[in-house]
1. Can you name every residue in region 110-124 that is buried (at least 16 other Cβ atoms within 10 Å of the Cβ) and either of a type in the set (Lys, Arg) or at pLDDT 95 or above (or both)?
2. Quick one: ARG178 ticks every box in (1) under 19 Å from LEU61 (Cα atoms); (2) crowded, with 21+ Cβ neighbours inside 10 Å bar one, so which box is it?
3. What's the total number of residues in region 266-299 that are in contact (Cβ under 8 Å) with a residue 40 or more places away in the chain, under 21 Å from ILE213 (Cα atoms) and surrounded by 12 or more Cβ atoms within 10 Å (Cβ to Cβ)?
4. Look through region 125-154, keep the residues that are over 13 Å from the mean Cα position of the chain (by Cα) and in contact (Cβ under 8 Å) with a residue 60 or more places away in the chain, and return whichever of them is surrounded by the fewest Cβ atoms within 10 Å (Cβ to Cβ).
5. Inside region 155-171, can you point out the residues that are buried (at least 22 other Cβ atoms within 10 Å of the Cβ) and more than 18 Å from MET205 (Cβ to Cβ)?
6. Please enumerate the residues belonging to region 195-238 that are under 22 Å from the mean Cα position of the chain (by Cα), outside any loop (DSSP other than H, G, I, E, B) and of a type in the set (Gly, Ala, Ser).
Amino acid sequence: MALRPIDNALPTTTPERPKKQVKISVPIQKQTDFAVNDENKAPVAAPSADATVDYVSSENLEAIPDPESKFQSLIEGLDSKDWTKVCESLNNARRFALYHSSLLVPILEKVVVVVVKSMKNPRSALCKTAIMASSDIFKAFGDKLLDLTNSDAFVNLLLQLLLKASQDKKFVCEEADRTLKVMVDSITPLPLLHKLKAYVSHTNMRIRAKAAISISNCVSKMGLDGMKEFGMVSLVQMAAELLNDRLPEAREAARSVVISIYNAFTEDEDQKQEAWQSFCQYNLPPIDAQSMIKIITSR
């Protein structure tokens, strides 16, 4: 019998192969400056909360009208969970420190604790504001910061400043460097040197270098009596240790320390280099003594 045609049978002809599509290379648009994540600059593509914080220099801070009535709000602001309010309160604390310091004395320790806590905050705006606040606190209170009831308050503040001066965020690092200089200018060299000495052997070499710079600035302000009170031998031993540091900043600071010690030690000596050589050879290992002598003879 006749076969019924099958409508769904496959065609007997070979189907045409699909044409290969041509790949078109589309150049990727280069990121513009506003898209680059530069940790040293605030992004300008979209305004962030940090952009609302103003960094006011000490010279542009004004006295607080009727400060007694604003004191309670200052305390409340420092305790706020809103970081922008803490920034505002830290700026007000700066104004109190510069113009109404006597009112700030009863809560000075609390302010220092808030400053240290704010420096640890990952928000760079809050961190920088806290560093600026510590600078004005140094100016206003100086040695009083060493006498806080909580003996760790100043130590924690110093450590945070050294840490911030050692980090990669340029605008934070530079502010911390400026504040460390203000600290040295505001506090008596001898007790400050005792605090700084602990960081000569710190495991973080960048912290050692920043401490060395502050030590150098501190020693340059001391006379022979102050150096003797600290301990001349301890001082040259500390300098010798920094001379062997890995970072050039630490070594350069150590050389400055050596020159300051030499100038004070030999001020009344007729045979200056001979007296210095004898002192170094008597109090230091031969290799360290030779380094000390070389710094002076090669100037």
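The values are calculated or read from the model by the stated rules, or taken from the named source; none is laboratory data. Bear in mind that the values here come from a model prediction, so they are computed numbers and not experimental data. Methodologically, a virtual Cβ is constructed for each residue, glycine included, from the backbone with ideal geometry; neighbour enumeration extends over all protein chains shown.
1. Residues satisfying the conditions are LYS110, VAL111, VAL112, VAL113, VAL114, VAL115, VAL116, SER118, MET119, ARG123.
2. Failing condition for ARG178: (2).
3. 4
4. LYS139
5. LEU157
6. Across region 195-238, the qualifying residues are ALA209, ALA211, ALA212, SER214, SER216.
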